[in-house]
Amino acid sequence: MSSRAEARRASGDRRDTEGVTDNPVRRRPANPTKVKPTKERRAIHREVRFGMAELVPDLSRTGSWLLFTDGTPQSQVDLYDPGYLEFEYVRRIGHVADLAFPAGEPLRVLHLGGGALTLPRYLAYTRPGSRQLVAELDAPLTDLVRRHLPLPAGHRIRVRAADAREVLESVRPASYDLVISDVFMGARTPFHLTTAECARAAARALRPGGVYAVNVADGPVLESARRAVATIRSEYKETCMIAEPAVLRGRRLGNLVLTGGDDPLPLVALRRAVAGDPFPARVVDGDELARFASGAPVVTDATKVAGGAPQSTNW
(Lines give C-alpha, C1' and ligand atoms only; values in the text may rest on other atoms or scores of the structure.)
Protein backbone atom coordinates (compact mmCIF):
# COMPACT_ATOMS: atom_id res chain seq x y z
CA MET A 1 0.00 0.00 0.00
CA SER A 2 1.45 3.36 -0.99
CA SER A 3 0.80 6.67 0.66
CA ARG A 4 -1.48 9.10 -1.14
CA ALA A 5 1.55 11.22 -2.02
CA GLU A 6 3.13 8.25 -3.75
CA ALA A 7 -0.13 7.58 -5.56
CA ARG A 8 -0.12 11.15 -6.85
CA ARG A 9 3.39 10.68 -8.17
CA ALA A 10 2.50 7.36 -9.77
CA SER A 11 -0.58 8.82 -11.47
CA GLY A 12 1.55 11.20 -13.49
CA ASP A 13 2.33 14.17 -11.25
CA ARG A 14 6.09 14.58 -11.84
CA ARG A 15 6.46 18.09 -10.45
CA ASP A 16 9.03 16.89 -7.91
CA THR A 17 10.86 14.41 -10.13
CA GLU A 18 11.49 16.03 -13.48
CA GLY A 19 14.96 15.29 -14.73
CA VAL A 20 15.53 12.51 -12.18
CA THR A 21 16.56 9.16 -13.60
CA ASP A 22 16.23 5.71 -12.13
CA ASN A 23 18.66 4.93 -9.31
CA PRO A 24 22.03 3.88 -10.73
CA VAL A 25 22.54 1.03 -8.24
CA ARG A 26 19.52 -0.92 -9.48
CA ARG A 27 20.79 -4.16 -10.97
CA ARG A 28 19.31 -5.61 -14.14
CA PRO A 29 20.08 -8.78 -16.06
CA ALA A 30 21.80 -8.68 -19.42
CA ASN A 31 18.96 -10.44 -21.24
CA PRO A 32 15.76 -9.77 -19.32
CA THR A 33 12.41 -11.32 -20.23
CA LYS A 34 9.65 -8.77 -20.57
CA VAL A 35 5.92 -8.98 -21.19
CA LYS A 36 4.42 -6.60 -23.72
CA PRO A 37 1.30 -4.93 -22.36
CA THR A 38 -2.10 -5.64 -23.83
CA LYS A 39 -3.18 -3.32 -26.64
CA GLU A 40 -6.20 -2.11 -24.73
CA ARG A 41 -5.35 0.67 -22.31
CA ARG A 42 -8.66 1.30 -20.59
CA ALA A 43 -9.34 1.35 -16.87
CA ILE A 44 -10.73 -1.93 -15.57
CA HIS A 45 -13.09 -2.12 -12.60
CA ARG A 46 -13.97 -5.40 -10.87
CA GLU A 47 -15.54 -6.34 -7.57
CA VAL A 48 -13.10 -8.66 -5.82
CA ARG A 49 -13.21 -10.39 -2.45
CA PHE A 50 -12.22 -7.37 -0.37
CA GLY A 51 -13.70 -4.48 -2.32
CA MET A 52 -13.61 -2.78 -5.70
CA ALA A 53 -10.38 -3.22 -7.64
CA GLU A 54 -9.32 -0.79 -10.34
CA LEU A 55 -6.54 -1.27 -12.87
CA VAL A 56 -5.75 2.16 -14.28
CA PRO A 57 -3.28 2.94 -17.08
CA ASP A 58 -0.43 5.19 -16.00
CA LEU A 59 -0.44 7.79 -18.75
CA SER A 60 3.17 8.76 -18.06
CA ARG A 61 4.56 5.30 -18.98
CA THR A 62 3.44 3.21 -21.94
CA GLY A 63 3.38 -0.16 -20.23
CA SER A 64 2.58 0.93 -16.70
CA TRP A 65 -0.58 0.19 -14.70
CA LEU A 66 -1.75 1.20 -11.24
CA LEU A 67 -3.86 -1.00 -8.97
CA PHE A 68 -6.32 0.59 -6.53
CA THR A 69 -8.56 -1.22 -4.05
CA ASP A 70 -11.52 0.82 -2.83
CA GLY A 71 -9.65 3.92 -3.93
CA THR A 72 -6.47 3.07 -2.00
CA PRO A 73 -3.32 2.72 -4.15
CA GLN A 74 -1.89 -0.77 -3.84
CA SER A 75 0.56 -1.50 -6.65
CA GLN A 76 2.22 -0.30 -9.82
CA VAL A 77 3.45 -2.57 -12.60
CA ASP A 78 5.37 -1.69 -15.76
CA LEU A 79 5.02 -4.56 -18.19
CA TYR A 80 7.62 -3.09 -20.56
CA ASP A 81 10.14 -2.61 -17.76
CA PRO A 82 9.61 -4.82 -14.67
CA GLY A 83 12.81 -3.33 -13.23
CA TYR A 84 11.09 0.03 -12.82
CA LEU A 85 9.58 0.58 -9.37
CA GLU A 86 7.41 3.68 -9.03
CA PHE A 87 6.25 3.63 -5.41
CA GLU A 88 9.04 4.78 -3.15
CA TYR A 89 8.63 2.15 -0.44
CA VAL A 90 8.67 -0.59 -3.09
CA ARG A 91 11.93 0.83 -4.44
CA ARG A 92 13.38 0.64 -0.93
CA ILE A 93 12.44 -3.01 -0.58
CA GLY A 94 13.98 -3.49 -4.02
CA HIS A 95 17.20 -1.94 -2.74
CA VAL A 96 17.22 -4.36 0.20
CA ALA A 97 16.82 -7.31 -2.16
CA ASP A 98 19.47 -5.91 -4.52
CA LEU A 99 22.09 -5.31 -1.87
CA ALA A 100 21.61 -7.99 0.78
CA PHE A 101 22.49 -10.81 -1.63
CA PRO A 102 25.04 -11.27 -4.43
CA ALA A 103 23.98 -9.52 -7.63
CA GLY A 104 21.91 -11.65 -10.01
CA GLU A 105 21.83 -14.66 -7.70
CA PRO A 106 18.47 -16.49 -7.82
CA LEU A 107 16.61 -16.31 -4.51
CA ARG A 108 13.84 -18.14 -2.76
CA VAL A 109 11.35 -15.49 -1.73
CA LEU A 110 8.11 -15.56 0.26
CA HIS A 111 5.76 -12.62 -0.29
CA LEU A 112 3.07 -11.94 2.28
CA GLY A 113 0.59 -10.03 0.16
CA GLY A 114 0.43 -10.03 -3.61
CA GLY A 115 -1.46 -7.10 -5.09
CA ALA A 116 -0.36 -6.71 -8.70
CA LEU A 117 2.75 -8.87 -8.04
CA THR A 118 5.14 -5.95 -8.52
CA LEU A 119 8.06 -7.25 -6.47
CA PRO A 120 7.73 -10.87 -7.65
CA ARG A 121 7.99 -9.55 -11.23
CA TYR A 122 10.94 -7.37 -10.27
CA LEU A 123 12.86 -10.24 -8.70
CA ALA A 124 12.05 -12.58 -11.58
CA TYR A 125 13.50 -9.88 -13.85
CA THR A 126 16.60 -8.93 -11.86
CA ARG A 127 17.30 -12.44 -10.57
CA PRO A 128 16.19 -14.97 -13.21
CA GLY A 129 15.49 -18.41 -11.82
CA SER A 130 14.27 -17.14 -8.47
CA ARG A 131 11.57 -19.33 -6.91
CA GLN A 132 8.83 -17.27 -5.31
CA LEU A 133 5.70 -18.02 -3.33
CA VAL A 134 3.05 -15.33 -2.89
CA ALA A 135 0.37 -15.52 -0.18
CA GLU A 136 -2.63 -13.51 -1.43
CA LEU A 137 -6.00 -14.21 0.17
CA ASP A 138 -7.99 -12.35 -2.50
CA ALA A 139 -8.15 -14.97 -5.28
CA PRO A 140 -10.44 -12.87 -7.55
CA LEU A 141 -7.90 -10.03 -7.36
CA THR A 142 -5.11 -12.40 -8.38
CA ASP A 143 -7.21 -13.66 -11.27
CA LEU A 144 -7.86 -10.09 -12.41
CA VAL A 145 -4.17 -9.20 -12.25
CA ARG A 146 -2.97 -12.31 -14.02
CA ARG A 147 -5.53 -11.89 -16.80
CA HIS A 148 -4.83 -8.26 -17.58
CA LEU A 149 -1.20 -7.98 -16.42
CA PRO A 150 0.26 -11.35 -17.45
CA LEU A 151 3.41 -12.70 -15.88
CA PRO A 152 6.44 -13.29 -18.12
CA ALA A 153 7.03 -16.66 -19.72
CA GLY A 154 9.22 -18.96 -17.66
CA HIS A 155 8.49 -17.26 -14.35
CA ARG A 156 8.70 -19.32 -11.17
CA ILE A 157 6.05 -17.43 -9.21
CA ARG A 158 3.33 -19.37 -7.39
CA VAL A 159 0.36 -17.67 -5.78
CA ARG A 160 -1.46 -19.36 -2.91
CA ALA A 161 -4.95 -18.09 -2.09
CA ALA A 162 -4.60 -18.33 1.69
CA ASP A 163 -4.05 -16.18 4.77
CA ALA A 164 -0.50 -14.83 4.83
CA ARG A 165 0.21 -15.81 8.43
CA GLU A 166 -1.05 -19.34 7.82
CA VAL A 167 1.19 -19.68 4.77
CA LEU A 168 4.15 -18.25 6.69
CA GLU A 169 3.71 -20.73 9.52
CA SER A 170 3.26 -23.67 7.12
CA VAL A 171 6.50 -23.37 5.15
CA ARG A 172 9.55 -25.47 5.94
CA PRO A 173 12.08 -23.96 8.34
CA ALA A 174 15.11 -22.26 6.77
CA SER A 175 13.62 -22.42 3.28
CA TYR A 176 13.65 -18.75 2.14
CA ASP A 177 16.31 -16.12 1.57
CA LEU A 178 13.87 -13.22 1.77
CA VAL A 179 10.43 -12.76 3.35
CA ILE A 180 8.55 -9.59 2.34
CA SER A 181 5.46 -8.48 4.28
CA ASP A 182 3.22 -5.97 2.51
CA VAL A 183 -0.38 -6.84 3.45
CA PHE A 184 -3.15 -4.31 3.78
CA MET A 185 -6.89 -4.45 4.23
CA GLY A 186 -7.70 -1.04 2.80
CA ALA A 187 -5.16 1.23 4.47
CA ARG A 188 -4.37 -1.02 7.45
CA THR A 189 -2.35 -4.14 8.15
CA PRO A 190 -4.22 -7.12 9.63
CA PHE A 191 -3.33 -7.32 13.31
CA HIS A 192 -2.08 -10.93 13.26
CA LEU A 193 0.66 -9.89 10.80
CA THR A 194 2.04 -7.21 13.13
CA THR A 195 3.00 -9.32 16.14
CA ALA A 196 6.23 -10.72 17.52
CA GLU A 197 4.92 -14.22 16.87
CA CYS A 198 4.55 -13.37 13.19
CA ALA A 199 8.06 -11.90 13.08
CA ARG A 200 9.34 -15.06 14.80
CA ALA A 201 7.61 -17.24 12.20
CA ALA A 202 9.36 -15.23 9.47
CA ALA A 203 12.71 -15.76 11.23
CA ARG A 204 11.96 -19.49 11.33
CA ALA A 205 11.28 -19.48 7.57
CA LEU A 206 14.55 -17.72 6.73
CA ARG A 207 17.79 -19.41 5.81
CA PRO A 208 21.01 -18.28 7.53
CA GLY A 209 21.75 -14.81 6.20
CA GLY A 210 18.12 -14.28 5.24
CA VAL A 211 16.26 -10.97 5.53
CA TYR A 212 12.76 -10.02 6.66
CA ALA A 213 11.41 -6.80 5.08
CA VAL A 214 8.18 -5.17 6.28
CA ASN A 215 6.20 -2.23 4.91
CA VAL A 216 4.60 -0.07 7.61
CA ALA A 217 2.30 2.88 6.84
CA ASP A 218 1.95 5.51 9.55
CA GLY A 219 0.92 9.06 10.31
CA PRO A 220 2.61 12.03 11.96
CA VAL A 221 2.70 10.63 15.51
CA LEU A 222 4.52 7.47 14.33
CA GLU A 223 3.06 5.32 17.12
CA SER A 224 2.55 2.39 14.75
CA ALA A 225 6.09 2.65 13.43
CA ARG A 226 7.54 2.72 16.97
CA ARG A 227 5.58 -0.38 17.93
CA ALA A 228 6.67 -2.07 14.73
CA VAL A 229 10.34 -1.30 15.38
CA ALA A 230 10.08 -2.52 18.98
CA THR A 231 8.45 -5.72 17.76
CA ILE A 232 10.96 -6.45 14.98
CA ARG A 233 13.89 -5.64 17.28
CA SER A 234 12.56 -8.17 19.80
CA GLU A 235 13.05 -11.01 17.29
CA TYR A 236 16.05 -10.01 15.13
CA LYS A 237 19.66 -9.31 16.00
CA GLU A 238 20.22 -6.84 13.14
CA THR A 239 17.56 -4.27 12.23
CA CYS A 240 17.18 -1.01 10.35
CA MET A 241 14.43 1.31 9.16
CA ILE A 242 14.23 3.24 5.87
CA ALA A 243 12.02 6.32 5.51
CA GLU A 244 11.90 9.83 4.09
CA PRO A 245 13.05 12.55 6.52
CA ALA A 246 9.66 14.30 6.35
CA VAL A 247 7.94 11.10 7.49
CA LEU A 248 10.45 10.58 10.29
CA ARG A 249 9.86 14.14 11.49
CA GLY A 250 6.12 13.55 11.57
CA ARG A 251 5.37 16.11 8.88
CA ARG A 252 3.24 13.81 6.72
CA LEU A 253 1.83 10.33 6.27
CA GLY A 254 4.13 7.83 4.65
CA ASN A 255 5.62 4.36 4.42
CA LEU A 256 8.53 3.05 6.43
CA VAL A 257 10.42 -0.11 5.51
CA LEU A 258 11.76 -2.21 8.39
CA THR A 259 14.29 -4.98 7.89
CA GLY A 260 15.55 -7.67 10.20
CA GLY A 261 18.08 -10.47 10.04
CA ASP A 262 20.73 -12.30 12.02
CA ASP A 263 23.64 -11.17 9.83
CA PRO A 264 24.78 -7.56 9.40
CA LEU A 265 22.70 -5.65 6.88
CA PRO A 266 24.36 -3.75 3.97
CA LEU A 267 23.88 -0.40 5.68
CA VAL A 268 26.51 1.62 3.82
CA ALA A 269 25.22 0.53 0.41
CA LEU A 270 21.61 1.00 1.50
CA ARG A 271 22.31 4.56 2.64
CA ARG A 272 23.90 5.36 -0.70
CA ALA A 273 21.02 3.77 -2.64
CA VAL A 274 18.11 5.41 -0.82
CA ALA A 275 19.86 8.80 -0.74
CA GLY A 276 20.03 8.69 -4.53
CA ASP A 277 16.34 7.95 -5.07
CA PRO A 278 14.02 10.58 -6.59
CA PHE A 279 12.59 11.05 -3.09
CA PRO A 280 15.65 10.52 -0.86
CA ALA A 281 15.32 8.54 2.34
CA ARG A 282 17.35 7.84 5.46
CA VAL A 283 18.51 4.57 7.00
CA VAL A 284 18.06 4.48 10.78
CA ASP A 285 19.81 1.76 12.79
CA GLY A 286 21.69 1.03 16.00
CA ASP A 287 21.31 3.42 18.92
CA GLU A 288 19.25 5.85 16.86
CA LEU A 289 16.73 3.14 16.05
CA ALA A 290 16.63 2.08 19.71
CA ARG A 291 15.86 5.66 20.72
CA PHE A 292 13.13 5.86 18.07
CA ALA A 293 11.38 2.82 19.60
CA SER A 294 12.09 3.73 23.23
CA GLY A 295 9.03 3.15 25.39
CA ALA A 296 7.00 1.50 22.61
CA PRO A 297 5.46 -1.86 23.52
CA VAL A 298 6.22 -5.09 21.70
CA VAL A 299 3.02 -6.22 19.95
CA THR A 300 2.08 -9.84 20.63
CA ASP A 301 -0.83 -12.08 19.73
CA ALA A 302 -2.01 -11.64 23.33
CA THR A 303 -2.17 -7.86 22.88
CA LYS A 304 -5.36 -8.23 20.90
CA VAL A 305 -7.05 -10.19 23.67
CA ALA A 306 -5.78 -8.00 26.50
CA GLY A 307 -6.30 -4.66 24.86
CA GLY A 308 -9.22 -5.31 22.56
CA ALA A 309 -7.17 -4.44 19.49
CA PRO A 310 -9.06 -4.05 16.22
CA GLN A 311 -9.11 -6.62 13.44
CA SER A 312 -6.76 -4.41 11.44
CA THR A 313 -4.19 -1.93 12.62
CA ASN A 314 -1.18 0.08 11.53
CA TRP A 315 0.85 -1.94 14.02
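Select from the range 180-222 the residues that are modelled with pLDDT under 95 and of a type outside the set (A, V, I, L, M, F, W, C) and write down the one among them that is nearest to the chain's Cα centre (by Cα).
This residue is Thr189.
Would you be able to say whether some residue in the range 72-84 is out of contact with any strand residue (DSSP E or B) (no Cβ under 7 Å at 6 or more places or on another chain) and modelled with pLDDT under 90?
Yes, that holds for at least one residue.
Condition test on Ala290, is it among the aliphatic types (A, V, I, L, M), in contact with a helix residue (DSSP H, G or I) (Cβ under 9 Å, 6 or more places away or on another chain) and surrounded by fewer than 17 Cβ atoms within 10 Å (Cβ to Cβ)?
Criteria met by Ala290.
List the helices (runs of 4 or more DSSP H) that sit entirely inside the range 100-171 and contain at least 1 residues that are under 22 Å from Cys198 (Cα atoms) and either modelled with pLDDT of 95 or more or of a type in the set (Asp, Glu) (or both).
The helices (runs of 4 or more DSSP H) meeting that bar are 118-126, 164-170.
Within the range 279-315, track down each residue that is over 18 Å from the mean Cα position of the chain (by Cα), part of a loop (DSSP other than H, G, I, E, B) and modelled with pLDDT of 95 or more.
Ser294, Gly295, Ala296, Pro297, Val298, Val299, Thr300
Looking at (1) of a type outside the set (Val, Ile, Thr); (2) closer than 29 Å to Ser224 by Cα; (3) buried (at least 17 other Cβ atoms within 10 Å of the Cβ), which is the one condition that is false for Glu166?
Result: Glu166 passes all but (3).
Yes or no: Ala97 out of contact with any Asp or Glu (no Cβ under 6 Å at 6 or more places or on another chain) and part of a loop (DSSP other than H, G, I, E, B)?
no
Do we have Arg92 as farther than 21 Å from His45 by Cβ, modelled with pLDDT of 95 or more, surrounded by fewer than 20 Cβ atoms within 10 Å (Cβ to Cβ) and in contact with a strand residue (DSSP E or B) (Cβ under 6 Å, 6 or more places away or on another chain) here?
It is false that Arg92 is farther than 21 Å from His45 by Cβ, modelled with pLDDT of 95 or more, surrounded by fewer than 20 Cβ atoms within 10 Å (Cβ to Cβ) and in contact with a strand residue (DSSP E or B) (Cβ under 6 Å, 6 or more places away or on another chain).
Quick one: would you say Arg41 is surrounded by 24 or more Cβ atoms within 10 Å (Cβ to Cβ) and of a type in the set (Lys, Arg)?
no
Quick check on the range 197-256: of everything there that is surrounded by 24 or more Cβ atoms within 10 Å (Cβ to Cβ) and of a type in the set (Ser, Thr, Tyr), which residue is farthest from Asp182 (Cα to Cα)?
Residue satisfying both the conditions and the ranking: Thr231.
Would you tally the residues in the range 145-155 being surrounded by 17 or more Cβ atoms within 10 Å (Cβ to Cβ) and among the charged types (D, E, K, R)?
0
The values are calculated or read from the model by the stated rules, or taken from the named source; none is laboratory data. None of the values given here were measured: they were computed from a predicted structure. Please note: Cβ atoms are built from the backbone with ideal geometry, for glycine as well, and neighbour counts cover all protein chains shown.
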